[in-house]
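Taking it in order: structure first as structure tokens, then the write-up.
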Amino acid sequence: MRKIFIAAIVTVLLSFLGGCDKGIEPLPPVSPGPTGFSGKVTFTGNWPTDIKRTHVVVFRNPILSSGDFFPPNLSFVIDSIPNGTKEFTYNSINNNFISSFTLAPGSYKYIVVAQSKTPTLSLNRKDWFVVGVYTTSGDQSKPGTMTIQQGYMTTGIDINVDFSNPPPQPPGGE
């Protein structure tokens, strides 16, 4: 019995000694992944016929005046969504419309689908109409906040667009 007990202790000690290659040193840092966000835009109802551009647009803060529709508050733009689309899945890494826009970690408080009748990109608030707002409550009058962390993709930034029931428009539009 004593031989079995000594053999068990020796086995346990050898396991501990053989399994410790670097002691209690911390694990090496994990290489961060891409920083960004992704989601899906779902469209219901009939698309307006005179629309030239549709984008997911990210603002750091809500648009409280027409002056808020401009960098640095205008933080990111997703590639144009083709007219007539019923569902558009996107991510900010693959669908970055303006390469000079990079999404910094932080909180973004107004994420919308906006449409314009102008054939070229315009930074005039009056040229854009908000057709969908990212919300966590389902109430498009209460925009949700998206938080971006360095090295992580924030998922589930889904926006519903109902052309028959547009959200409240921010100041500065027509």
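Lysine pairs in the stretch 71-143 whose alpha-carbon atoms fall under 23 angstrom of each other, counting only those eight or more residues apart or on distinct chains, come to 5. Solvent exposure of the stretch 128-174 amounts to 55 Å² per residue of accessible area, where only protein heavy atoms count and the probe is 1.4 Å.
In terms of its C-alpha gyration tensor, the stretch 103-152 comes out oblate, because a/c is 1.5 or above while a/b does not outweigh b/c. If you take the square roots of the eigenvalues of the alpha-carbon gyration tensor of the stretch 32-71 and sort them as a ≥ b ≥ c, do you get rounded (a/c under 1.5), prolate (a/b over b/c) or oblate? Since a/c reaches 1.5 but b/c is at least a/b, the shape of the stretch 32-71 is classed as oblate. Put a dot 7 Å past the Cα of Glu87, heading toward its Cβ, do the same for Met153, and the two dots end up 1.7 nm apart.
Measuring how big the stretch 33-100 is from its alpha-carbon positions, Rg and Dmax come out at 13.4, 40 Å. Sort the stretch 37-174 into rounded, prolate or oblate with this rule: let a ≥ b ≥ c be the square roots of the eigenvalues of the Cα gyration tensor; rounded if a/c is under 1.5, and if a/c is not under 1.5, prolate when a/b is larger than b/c, oblate otherwise. Rounded.
The values are calculated or read from the model by the stated rules, or taken from the named source; none is laboratory data. Note that the structure is a prediction, hence the values are computed from the model and not measured. Glycine gets a Cβ as well: all are built from the backbone with ideal geometry, and neighbour counts include every protein chain shown. In case anyone asks, the SASA skips ligands and DNA or RNA and just uses the protein heavy atoms, side chains included. Shrake-Rupley method; radii C 1.70, N 1.55, O 1.52, S 1.80 Å.
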